[in-house]
Amino acid sequence: TNGKGSVVYYLEQGLQFSGNTGSWTGPHVFDYAERFHINTRMADHKDIVKIYRQVLVPYQEKFIRRFPGESLSFAEMGILLSLHLFEQYNVKWGMMEVGAGGRYTPLMALDMKACILTNIGNDHPKTLGTETWQRALEKAGIARPGVPFFTSAREPALAYVRKTAEAEGA
């Protein structure tokens, strides 16, 4: 709907010529493995299951013991799984698609070489706000100090995106 997956796909196609690539996108249509790509190909089910069983399940169990009543979210589990796949395949260029928002995504814990905001639509009004400026601020929240920030947002959202990126030093 907003082009995030397409941008990831095109980046993978180009960057594969300068090193191993990996991506994590969503949603999947038929198969959970659709979310994970290594060198432009869907990740192997065996690798996903192995990482899930050997790494994520034990981690989730420890997390739940440490924080009773809490658990890692579906997105957090996907991010961790993709990072382990990236490590396993010596990925040089990892691309991670932010879900609905931006500012509070768990991906903010990762170092980034660049951030891309495709556009600001009328999506997710219940979580991102009903006004354009609200959605723009939430999505532009991916901006990082000193990190290149690219967008195809248009006015009136672009003004809010620009102010947010400038305030972050992106």
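The values are calculated or read from the model by the stated rules, or taken from the named source; none is laboratory data. This one's a predicted model, so the numbers in the text were calculated from it and none came from an experiment. So basically every Cβ, Gly included, is an ideal-geometry build from the backbone, and we count neighbours across all protein chains shown. Just the protein is used for accessible areas: all its heavy atoms, side chains included, with ligands, DNA and RNA removed. Shrake-Rupley method; radii C 1.70, N 1.55, O 1.52, S 1.80 Å.
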Query raised in the report: If you go through the range 12-47 one residue at a time, how many are assigned to a helix (DSSP H, G or I) and farther than 18 Å from Leu107 by Cα?
Result: 13
Query raised in the report: Is at least one residue of the range 67-85 in a helix (DSSP H, G or I) and more than 19 Å from the chain's Cα centre (by Cα)?
Result: no
Requested in this report: Mind counting the residues in the range 10-22 that are touching a strand residue (DSSP E or B) at 6+ places or on another chain (Cβ under 8 Å) and under 22 Å from Gly121 (Cβ atoms)?
Outcome: 1
Query - Hits in the range 114-152 - residues which are of a type outside the set (D, E, K, R), in contact (Cβ under 8 Å) with a residue 60 or more places away in the chain and farther than 15 Å from Glu97 by Cα - result: Gly121, Ser152
Report task. Kindly establish whether Asp111 is acidic (Asp, Glu), part of a loop (DSSP other than H, G, I, E, B) and touching a residue at least 12 places away in the same chain (Cβ under 8 Å). Result -> no
Query raised in the report: If you scan the range 1-26, which residues turn out to be open to solvent by less than 30 Å² (accessible area, probe 1.4 Å), modelled with pLDDT of 95 or more and of a type in the set (A, V, I, L, M, F, W, C)?
Result: Trp24
Report task. Filter the range 128-155 down to the residues that are closer than 16 Å to Lys4 by Cβ and in a helix (DSSP H, G or I), then identify the one that is most open to solvent (accessible area, probe 1.4 Å). Result -> Glu138
Query raised in the report: For Phe149, all conditions in the list (1) farther than 27 Å from Ala43 by Cβ; (2) over 16 Å from the mean Cα position of the chain (by Cα) hold save one; what is the number of the exception?
Result: (2)
Query raised in the report: Between a first residue in the range 79-95 that is within 18 Å of Val8 (Cα to Cα) and a second residue that is open to solvent by less than 30 Å² (accessible area, probe 1.4 Å) and among the hydroxyl-bearing types (Ser, Thr, Tyr), which pairs have beta carbons less than 7 Å apart while being 6 or more apart in sequence or on different chains?
Result: Val91/Thr21; Trp93/Thr21; Met95/Ser23
Query raised in the report: List, please: which pairs have Cβ atoms under 7 Å, are six or more places apart or on different chains, and start with a residue in the range 23-41 that is within 17 Å of Tyr89 (Cβ to Cβ) and end with one that is exposed (fewer than 13 other Cβ atoms within 10 Å of the Cβ) and not β-branched (Val, Ile, Thr)?
Result: Ala33/His45; Thr40/Gln13
Query raised in the report: If you go through the range 61-74, how many residues are open to solvent by less than 50 Å² (accessible area, probe 1.4 Å) and closer than 17 Å to Leu85 by Cβ?
Result: 1
Report task. Give the residue that is farthest from Ser152 (Cα to Cα), with candidates limited to residues of the range 78-112 that are open to solvent by 70 Å² or more (accessible area, probe 1.4 Å) and either of a type in the set (A, V, I, L, M, F, W, C) or at pLDDT 95 or above (or both). Result -> Gln88
Report task. Would you point out the residue of the range 152-170, among those that are among the hydrophobic types (A, V, I, L, M, F, W, C) and over 16 Å from Gly121 (Cα atoms), that is farthest from the chain's Cα centre (by Cα)? Result -> Ala167
